[in-house]
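Asks: Below you'll find the structure I mean.
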Amino acid sequence: MVFNGVEVGAFAVWAFGVVSSIVSPLYSRNTKYMAHTVAGATLGLTQPVNIEHPKISFAAKEIDAVEWKGDILAVGVTEKDMTKDEKSKFQNSVLKKLDGLLGGLLAEVLSEEDFTGKAGQTAVLRLPGLGSKRVGLIGLGLAASSPAAFRGLGEAVAAAAKTAQANSVAIVLASSEGLSNESKLSAASSIASGTVLGIHEDNRYKSESKKPQLKSVDILGLGTGPELEKKLKYAEDISSAIIFGRELVNSPANVLTPAALAAESSKIASLYSDVLSANILTAEQCKELKMGSYLGVAAASANPPYFIHLCYKPPSGPIKAKLALVGKGLTFDSGGYNIKTGSGCSIELMKTDMGGSAAVLGAAKALGQIKPPGVEVHFIVASCENMISGTGMRPGDIITASNGKTIEVNNTDAEGRLTLADALVYACNQGVEKIVDLATLTGACIVALGPSIAGVFTPSDDLAKEVFEASEVSGEKFWRMPLEESYWESMKSGVADMVNTGGGQGGAITAALFLKQFVDEKVQWMHIDLAGPVWNDKKRVATGFGVSTLVEWVLKNSSK
């Protein structure tokens, strides 16, 4: 991905009573097709361990919190909930009842802990007098109404459960009276999803690891019944897909090669063969399609490229919308002859340069489970490595994309857009009406929006509205950026149709303008630069960003 003209990295179940598990990606008994090989052995002798993810059963119950028995009773509280009367007694009914049973100890200890309900605050107390071994209070800030806030509550509960090695947890909101029925359903789903994502640890590459103990979670006071079961099942599908995407990005480049990514894609299609099909193109087949831009990037690597095309079609009924999700799939990016060097180049994080493809394939997995009617979706990834060898493209080379446009390569480290160029042409040729592409494309976008917000570029206001409505449900953060056409002047070449990088300024915008050259004008198109939020630099793990929003967007276009 490009930073000041140079590509860099993204630095810095659970339904009602149902038990489910997630199978780790990249586990295969036949590992020779998964990784770069040396003398018949996996590079570094590294193979991911097959770890079965924790099985958590979620149950929705309408019982009084003080009657619940188990390891941790977790209460989500706002700053307002912590208000006390003139006698230093809680005014909130849930906290008042808990404090009464504990003889005032809850208020006393929380005061000593300086717990005020601010977002990010957690207090887990072992106090006698309740059916639960511990009481945990999770701060929600001034108010809690967004999916992101409730997902954060679930994650905080998961962290507390890990620390206490808890087997059973109940979660209740101190104030749920003001929530509508729809809001309660959404809150329960977000809490469940956050708990599962918070419990998840990617230990496939560790020689030793502790397995979380959490087995059951009761959600109290947010309703019961079929609608809630449906929402919790949706949380299961989304969480499973996000974890799948996380583990793809976390996997090192000596394991997750283009061949391995293609194999994982085929595995998804096989798992949901009633609605998904896979077409994996080899380099020779891509050559027949004249994908010179994509193949130019792949030319230097000993690991061959694979062009991935999954297609979702509903099991029955008419198709009302045809969509494409296109993800950048660089399983490793050395920068090529413009090799990444110096402080901040983040070459050690270049395994994350396939974060866009992880979001797309994660969405494919979720949609294979959900099976929305009335919509056809194409999932497209031009997967390869950007390496260095005598066969690789050089600065100054001219390559020809599959739509006939020529590109003067003035920077081999601006390779992601070259792969996406042919992928976008291919997507348009599928007869789709709308395309969303996702890529860890530019460090410039990280400079503009920081590590938590993805940049959105589109000439279509209608498409922007759809995706931003989807993001409100998912809780993921996006910001629309300008497509300033006058900046295209910096992308013109004297000897070809265009160069692949402009000047040092507005790098995320010129990258988006480059991609626009490969999209049919009749197709609504959006580019999402997720270079920042694809990776959690503090935890040093992938986030699974984009999966949830993509699924919500597809559902909005379905007849569901």
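The values are calculated or read from the model by the stated rules, or taken from the named source; none is laboratory data. Because the structure is a prediction, the values reported are computed rather than measured. Glycine also receives a Cβ, built like all others from the backbone with ideal geometry; neighbour counts cover every protein chain displayed. When the accessible area is computed, the model is the full protein with side chains, heavy atoms only, and any ligands, DNA or RNA have been set aside. Shrake-Rupley method; radii C 1.70, N 1.55, O 1.52, S 1.80 Å.
Asks: Sort the following peptides by mean Cβ neighbour count (other Cβ atoms within 10 Å, averaged over residues), highest first: 144-155, 379-390, 128-139.
Replies: Highest mean packing first, the order is 379-390, 144-155, 128-139.
Asks: Now for a different question. Using helices alone, what [θ] at 222 nm do you get for the chain, with -39,500 (n - 2.57) per DSSP H run of 4 or more residues, divided over all residues and rounded to the nearest 500? Present the calculation step by step, with values, prior to reporting the outcome.
Replies: On the way: 14 runs with 177 residues, N = 560.
Helix-only estimate at 222 nm: -10000 deg cm²/dmol.
Asks: I would also like to ask the following. Once the chain is represented by equal point scatterers at the alpha-carbon sites, with solvent omitted, what log10 I(q)/I(0) does the Debye formula produce at q = 0.05, 0.08, 0.11 Å⁻¹?
Replies: Debye intensities relative to I(0), on a log10 scale: -0.22, -0.54, -0.95.
Asks: Sorted by mean Cβ packing within 10 Å, highest first, what order do the peptides 74-82, 427-435, 309-317 take?
Replies: 74-82, 427-435, 309-317
Asks: Note down the net charge around Ala448, summing +1 for each Lys or Arg and -1 for each Asp or Glu among other residues with Cβ under 14 Å from its Cβ.
Replies: The answer is 0.
Asks: Now for a separate question. Using only the Cα atoms of region 320-465, what semi-axes does the equivalent ellipsoid have when each is the square root of 5 times a gyration tensor eigenvalue? Give whole Å, largest first.
Replies: Semi-axis lengths for region 320-465 are 28, 19, 15 Å.
Asks: Work out the FRET efficiency for Lys162 and Lys465 from their Cβ-Cβ distance, taking R0 = 41 Å, and round it to the nearest 0.05.
Replies: Calculated value: 0.55.
Asks: Could I ask something else about it? Rounded to whole Å, give me the distance from the Cα center of region 396-435 to that of region 54-101.
Replies: 56
Asks: Can you tell me the FRET efficiency between Glu484 and Glu433 if r is taken as the Cβ-Cβ distance and R0 is 35 Å, rounded to the nearest 0.05?
Replies: After rounding to 0.05, the efficiency reads 0.85.
Asks: Now for a different question. Give me the mean projected area, in nm² to one decimal, of the convex hull enclosing the Cα positions of region 237-334.
Replies: 7.7
Asks: From the C-alpha coordinates alone, can you work out the Kirkwood hydrodynamic radius of region 489-551, in Å?
Replies: 14.3 Å is the Kirkwood radius here.
Asks: Select from Gly178, Val456, Gly443 the residue farthest towards the positive end of the dipole of the chain; place +1 on Cβ of Lys and Arg, -1 on Cβ of Asp and Glu, and compute about the Cα centre.
Replies: Gly178
Asks: Ordering Trp535, Trp479 from largest to smallest accessible area (1.4 angstrom probe), what's the sequence?
Replies: Accessible-area ranking of Trp535, Trp479, largest first: Trp479, Trp535.
Asks: Ok, one more. Could you pull the Cα extents of region 98-194 along its three principal axes, largest to smallest, in whole Å?
Replies: 36, 27, 22
Asks: Sum up the charges of everything whose Cβ sits under 11 Å from the Cβ of Asn429, counting Lys and Arg as +1 and Asp and Glu as -1, but leave Asn429 out.
Replies: -2
Asks: Ok, one more. May I ask you to evaluate 6.51 cos²θ - 1.76 cosθ + 1.60, the Karplus curve with θ = phi - 60°, for each residue of region 508-518 and list the ³J(HN,Hα) values in order in whole Hz, giving x for glycine and proline?
Replies: Values, residue by residue: 5, 6, 5, 5, 5, 4, 4, 4, 4, 5, 10 Hz.
Asks: Taking R0 as 22 Å, what's the FRET efficiency between Val541 and Asn50 from their Cβ-Cβ distance, rounded to 0.05?
Replies: Between Val541 and Asn50 the formula returns 0.70.
Asks: Just the number please: accessible area per residue for region 412-560, 1.4 Å probe, all protein chains included, in Å². Intermediate values should be presented prior to the final figure.
Replies: Details: 5480 Å² over 149 residues.
For region 412-560, the solvent-accessible area averages 37 Å² per residue.
Asks: Of all accessible surface on region 87-146 at a 1.4 Å probe, what whole percent is carbon and sulfur?
Replies: C and S atoms contribute 48 percent here.
Asks: Something else about it: Taking Cα atoms of region 443-512, Rg/Rh with Kirkwood Rh, to two decimals? Can you show the working numbers first?
Replies: Details: Rg = 14.3 Å, Rh = 13.5 Å.
Here Rg/Rh amounts to 1.05.
Asks: Also: Residue-wise, which Karplus ³J(HN,Hα) couplings in Hz belong to region 374-391, taking 6.51 cos²θ - 1.76 cosθ + 1.60, θ = phi - 60°, and x for glycine or proline?
Replies: The phi angles translate into x, 9, 10, 10, 9, 10, 10, 9, 8, 8, 5, 10, 9, 10, 10, 6, x, 9 Hz.
Asks: Let me ask something additional. What translational diffusion coefficient, to the nearest whole µm²/s, does region 450-560 have by Stokes-Einstein, given a Kirkwood radius computed over alpha-carbon pairs, a temperature of 25 °C and 0.890 mPa s viscosity?
Replies: This corresponds to a translational diffusion coefficient of 159 µm²/s.
Asks: Give me the distance between the Cα centres of region 296-357 and region 106-177, rounded to whole Å.
Replies: Result: 40 Å between the Cα centres.
Asks: Nearest 20 debye, what's the magnitude of the dipole of the chain about its Cα centre given +1 on Lys and Arg Cβ and -1 on Asp and Glu Cβ?
Replies: Here the chain has a charge dipole of around 1220 debye.
Asks: Antiparallel versus total DSSP beta bridges in region 411-560: what percent is that, nearest 5? List each step's numbers first, then the result.
Replies: On the way: 5 of 14 bridges.
So the antiparallel bridges amount to about 35 percent of the total.
Asks: If you don't mind, another one. Can you pull the semi-axes for region 197-251, root of five times each eigenvalue of the Cα gyration tensor, sorted largest first, whole Å? Please report the intermediate quantities before stating the final value.
Replies: Details: eigenvalues 158, 47, 8 Å².
Semi-axes, largest first: 28, 15, 6 Å.
Asks: Which of Gly502, Ile528, Val554 sits closest to the plus end of the dipole of the chain, meaning its Cα is farthest towards the positive end, when Lys and Arg get +1 and Asp and Glu get -1 on the C-beta?
Replies: Val554
Asks: Counting only Cα atoms, I'd like the Rg/Rh figure for region 177-282, Kirkwood definition for Rh. Could you put the intermediate results ahead of the total?
Replies: On the way: Rg = 17.9 Å, Rh = 16.6 Å.
Rg divided by Rh gives 1.07.
Asks: Any chance you could get the radius of gyration and Dmax over the Cα atoms of region 338-397, in Å?
Replies: Answer for region 338-397, Rg first and Dmax second: 17.3, 50 Å.
Asks: Give me the percent of DSSP beta bridges within the chain that run antiparallel, rounded to the nearest 5.
Replies: 40
Asks: Quick one: Karplus J couplings for region 186-201, per residue in order, coefficients 6.51, -1.76, 1.60, θ = phi - 60°, nearest Hz, x for Gly and Pro?
Replies: Along region 186-201, the couplings run 5, 4, 4, 5, 5, 4, 4, 4, x, 5, 5, 5, x, 6, 4, 9 Hz.
Asks: Just subtract the alpha-carbon distance of Asp274 and Asn203 from 0.36 nm times their residue separation and send over the number in nm, one decimal.
Replies: Residue separation times 0.36 nm, minus the Cα-Cα distance, leaves 22.4 nm.
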